[in-house]
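One structure is given below, encoded as structure tokens.
The values are calculated or read from the model by the stated rules, or taken from the named source; none is laboratory data. Given the structure is predicted, the values throughout are model-derived calculations rather than measurements. Positions of Cβ are backbone-derived with ideal geometry, glycine not excepted, and every protein chain shown enters the neighbour counts.
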Ligand code: PRP
Ligand code: MN
Ligand code: MG
């Protein structure tokens, strides 16, 4: 699998160091509250699992599955709910956990939805931010790393469902996704 990578963009160690930092920041910010941490499947699973273990406060978590990319490398612009939450959002301090913000369509949809469901506050934490991909005006409250306009995979991010289990973020060799 590693020989399908052009380069390692963010090492496993750098990811874990950053998560420790983000966890400490969130623990401080939410210490007197009982936030509902919402992971956006499938991509956010590895990040979410590591982040909550670095949050030294009482919290609740839930998971939602949405998809916008399908089997394409370009976002379709349509967000599909595959699995909804079990938890009521009314009056809750919500922290959305994502692996990446690219066009921003997934997160702007979710923020609107959660506010409509009467969340008291909604914050966005993303491991990766790709500002050059933006099609709607949305910014994360906390972001781990800014990434360039390349097709990145690993640590939850897939290409046709592969590479999610890599412990690092890598850039795929173009020949892997070209001529498909
Ligand atoms: C990817 C990624 C984010 C979203 C970001 O998910 O995990 O959720 O796209 O793109 P956007 O800012 O352009 O909306 P995807 O739809 O591929 O589903 P997945 O998490 O199951 O891979
Ligand atoms: Mn996703
Ligand atoms: Mg995907």
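What are the residues in the range 131-144 that are within 20 Å of residue 47 (Cα to Cα) and assigned to a loop (DSSP other than H, G, I, E, B), if any?
Result: 139, 140, 141.
State all residues of the range 15-54 that are away from ligand 1 (no atom under 16 Å from the Cβ) and out of contact with any strand residue (DSSP E or B) (no Cβ under 9 Å at 6 or more places or on another chain); if no residue qualifies, say none. Full working, then the answer.
Within the range 15-54, the first condition is being away from ligand 1 (no atom under 16 Å from the Cβ), and the residues that meet it are 16-36, 52-54.
Once the filter is applied, which keeps residues that are away from ligand 1 (no atom under 16 Å from the Cβ) and out of contact with any strand residue (DSSP E or B) (no Cβ under 9 Å at 6 or more places or on another chain), the range 15-54 yields 16, 17, 20, 23, 24, 27, 28, 31, 32, 53, 54.
Residue check, residue 57 against (1) over 30 Å from residue 176 (Cα atoms); (2) in contact with a strand residue (DSSP E or B) (Cβ under 7 Å, 6 or more places away or on another chain), all met but one. Which one?
Result: residue 57 fails condition (2) only.
Could you tell me whether residue 103 is part of a loop (DSSP other than H, G, I, E, B) and within 16 Å of ligand 1 (Cβ to nearest atom)? Steps first, please.
On the way: part of a loop (DSSP other than H, G, I, E, B): yes; within 16 Å of ligand 1 (Cβ to nearest atom): yes.
Here the answer is yes, as residue 103 does meet what is asked.
Scan 111, 125, 94 and give me the residue that is outside any strand (DSSP E or B) and modelled with pLDDT of 95 or more.
Values: 125 fails: outside any strand (DSSP E or B); 94 fails: outside any strand (DSSP E or B).
Going through 111, 125, 94 in turn, just one is outside any strand (DSSP E or B) and modelled with pLDDT of 95 or more: 111.
Determine which single condition residue 137 fails, assuming it passes every other condition in (1) surrounded by 19 or more Cβ atoms within 10 Å (Cβ to Cβ); (2) over 15 Å from the mean Cα position of the chain (by Cα).
(1)
In the range 86-116, which residues are away from ligand 3 (no atom under 16 Å from the Cβ), closer than 19 Å to residue 59 by Cα and touching a strand residue (DSSP E or B) at 6+ places or on another chain (Cβ under 9 Å)?
Looking only at the range 86-116, we keep the residues that are away from ligand 3 (no atom under 16 Å from the Cβ), and these are 86-96, 108, 111-116.
When the remaining residues are screened for being closer than 19 Å to residue 59 by Cα, the result is 86-96, 114.
Hits for the range 86-116 are 86, 87, 89, 92, 93, 94, 95, 96, 114.
Within the range 96-118, how many residues are over 14 Å from residue 157 (Cβ atoms) and out of contact with any helix residue (DSSP H, G or I) (no Cβ under 9 Å at 6 or more places or on another chain)?
Total satisfying the criteria: 13.
Could you list, in sequence order, all residues of the range 23-73 that are in contact (Cβ under 8 Å) with a residue 60 or more places away in the chain, assigned to a loop (DSSP other than H, G, I, E, B) and surrounded by fewer than 17 Cβ atoms within 10 Å (Cβ to Cβ)?
33, 71, 73 - these are the residues of the range 23-73 that are in contact (Cβ under 8 Å) with a residue 60 or more places away in the chain, assigned to a loop (DSSP other than H, G, I, E, B) and surrounded by fewer than 17 Cβ atoms within 10 Å (Cβ to Cβ).
Within the range 145-171, work out how many residues are within 14 Å of ligand 1 (Cβ to nearest atom), crowded, with 16+ Cβ neighbours inside 10 Å and either assigned to a strand (DSSP E or B) or free of Cβ contacts under 8 Å to residues at least 24 places away in the same chain (or both).
So the count comes out to 6.
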